[in-house]
1. Of all residues being open to solvent by 20 Å² or more (accessible area, probe 1.4 Å) and in contact with an Asp or Glu (Cβ under 8 Å, 6 or more places away or on another chain) in the range 160-179, which is farthest from Thr221 (Cα to Cα)? Just the residue, please.
2. Taking the options Phe27, Phe54, name whichever one is surrounded by 15 or more Cβ atoms within 10 Å (Cβ to Cβ), without any contact (Cβ under 8 Å) to a residue 60 or more places away in the chain and not aliphatic (A, V, I, L, M).
3. Look through the range 346-356, keep the residues that are assigned to a helix (DSSP H, G or I) and without any contact (Cβ under 8 Å) to a residue 60 or more places away in the chain, and return whichever of them is farthest from Leu277 (Cα to Cα).
4. Taking interchain pairs and intrachain pairs at least six residues apart, which have beta carbon atoms under 9 angstrom, with the first residue in the range 281-298 and on the phi > 0 side of the Ramachandran plot and the second assigned to a helix (DSSP H, G or I)?
5. Just the residues that are at pLDDT below 90, within 16 Å of Ala81 (Cβ to Cβ) and open to solvent by less than 50 Å² (accessible area, probe 1.4 Å), please, taken from the range 112-138.
6. Which residue pairs have Cβ atoms under 9 Å apart, sit 6 or more places apart or on different chains, and have a first residue in the range 59-71 that is within 16 Å of Asp195 (Cα to Cα) and a second that is among the basic types (Lys, Arg) and surrounded by fewer than 19 Cβ atoms within 10 Å (Cβ to Cβ)?
7. Quick check on my filter: what residues within the range 313-339 are open to solvent by 30 Å² or more (accessible area, probe 1.4 Å) and in a loop (DSSP other than H, G, I, E, B)?
Amino acid sequence: FGGYVKMLDAREQKLDGLAEQDLAREFTRQSVWKRIAIVAAGPLANFLLAIAVFAGLYSYGMPEPGTRLRAVPEASAAHDAGLRGGERIVQVNGESVQTWSELRWEIMQGILDGKSVRIGVEPEEGAGAGPHFATLSLASVSPSELEGDFLTQLGLQLARPPAVLGRVGTGGPAERAGLREGDVISAVNGEPIADALGFVERVRAAPGKSLLVRFTRDGATSESVVTPEAHEQGGQSIGRIQVEVPLAPEMVTVRSGPIEAVADGVAKTWDTSVLTLKMLAKMLVGEVSWKNISGPITIADYAGQTARIGLISYLTFLAFISISLGVMNLLPIPVLDGGHLLYYSLELLTGRPVSERFGEIAQRAGVGILMALMAVAVFNDIMRLMS
């Protein structure tokens, strides 16, 4: 929520004929502390909205993917840290993590800080080992790559369920090959299949090619040859065998009491604000790509996507956008709230307001900066749509 508020300001309008009681409310006649409070109220409302949304979501309980790991590739930082798959990450640099989004958040901050992270790991059930700590190197991911899937680059992927077939399409390649609902796929062309996603990936990568599929049904192991049909998707040919394969990861629900939820909302809002400032600082020095700046087209697109996913995702997106608006408005750029707060801070230090001439020059510079940022944002939006 937000909007432009035009002040009753003697510098911008004539006050002839204004009632005396209204004249007393004219902006420049207020004390500097009152002006600071008035200008800061907008960004403050952005942060309060985000805190309220997060607190409500934490109180309600948010079902999210957990932190159990898929099989870890050998040539990866996660493998070098001693992770193999099946483990659950429960801590990053002393911060407890229960969900995949929390894990991603903590790893992202480690990448921005340019440091390795110390992770707490619970082994897979039945592995015979207790909880332990490991050091995960983040050197393979630079801050400029945060827009991509940096967790996969590190070798960290969500654990998926076993490759158990769901509903089989009538007359499709799977049915013609004799596959049935409930079959458990264990290998393709003699290579073991670790999980459902592994099976889907093998099928998608083999349009029009015959695959020897080994499966278990009612305790008996059999093999069958299935040939995926070729389908066009995103300009590429992928294979499909017309069968449902459940891919949903293990889910956990994070829920807090009312007081704890508010504290968590404040902490989340603070952490997001700090991360936004870190990203902006690294953009200025060239360590993070300017492609991370988004404009109204991308915001509208993401709003639609999150709304289709569900109310929780949409409200979370709303909170992040509100925080971004609050942070951006507090930047010390003339014409923004942060620029005005800078003027009033100088007035407190010097005992007099900044000169009108200085204000005019600074305002023109501020408008130029904002126009340049908007141009970059809209350009990035268009390039995202085209790609």
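The values are calculated or read from the model by the stated rules, or taken from the named source; none is laboratory data. Source: prediction; values computed, not measured. Cβ sites come from the backbone with ideal geometry, for glycine too, and all protein chains shown count toward neighbours. Surface areas here come from the heavy atoms of the whole protein model, side chains and all, with no ligands, DNA or RNA. Shrake-Rupley method; radii C 1.70, N 1.55, O 1.52, S 1.80 Å.
1. Checking each candidate, the answer is Arg160.
2. Numbers: Phe54 fails: without any contact (Cβ under 8 Å) to a residue 60 or more places away in the chain.
After ruling out the rest, the residue left standing is Phe27.
3. Initial filter on the range 346-356 (assigned to a helix (DSSP H, G or I)): 346-350, 356.
In the following step, the residues that additionally are without any contact (Cβ under 8 Å) to a residue 60 or more places away in the chain were identified as 346, 349-350.
Numbers: Leu346: 22, Leu349: 25, Thr350: 28 Å.
Filtering first and then ranking leaves Thr350.
4. Pairs that qualify, where the first residue is on the phi > 0 side of the Ramachandran plot and the partner is assigned to a helix (DSSP H, G or I), are Gly286/Ser144.
5. Pro123 - this is the single residue of the range 112-138 that is at pLDDT below 90, within 16 Å of Ala81 (Cβ to Cβ) and open to solvent by less than 50 Å² (accessible area, probe 1.4 Å).
6. Cβ pairs passing all conditions: Leu69/Arg84; Ala71/Arg84.
7. First pass over the range 313-339, keeping only residues open to solvent by 30 Å² or more (accessible area, probe 1.4 Å): 313-318, 320-321, 324-325, 328-332, 335, 337.
Result: Leu330, Leu331, Pro332, Val335.
Yes/no per residue for (1) within 30 Å of Ala37 (Cα to Cα); (2) of a type outside the set (Phe, Trp, Tyr); (3) over 18 Å from the mean Cα position of the chain (by Cα):
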{"residue": "Val254", "(1), (2), (3)": "no, yes, no"}
{"residue": "Ala263", "(1), (2), (3)": "yes, yes, yes"}
{"residue": "Glu287", "(1), (2), (3)": "no, yes, yes"}
{"residue": "Ser294", "(1), (2), (3)": "yes, yes, no"}
{"residue": "Gln305", "(1), (2), (3)": "no, yes, no"}
{"residue": "Ser313", "(1), (2), (3)": "no, yes, no"}
{"residue": "Pro334", "(1), (2), (3)": "yes, yes, yes"}
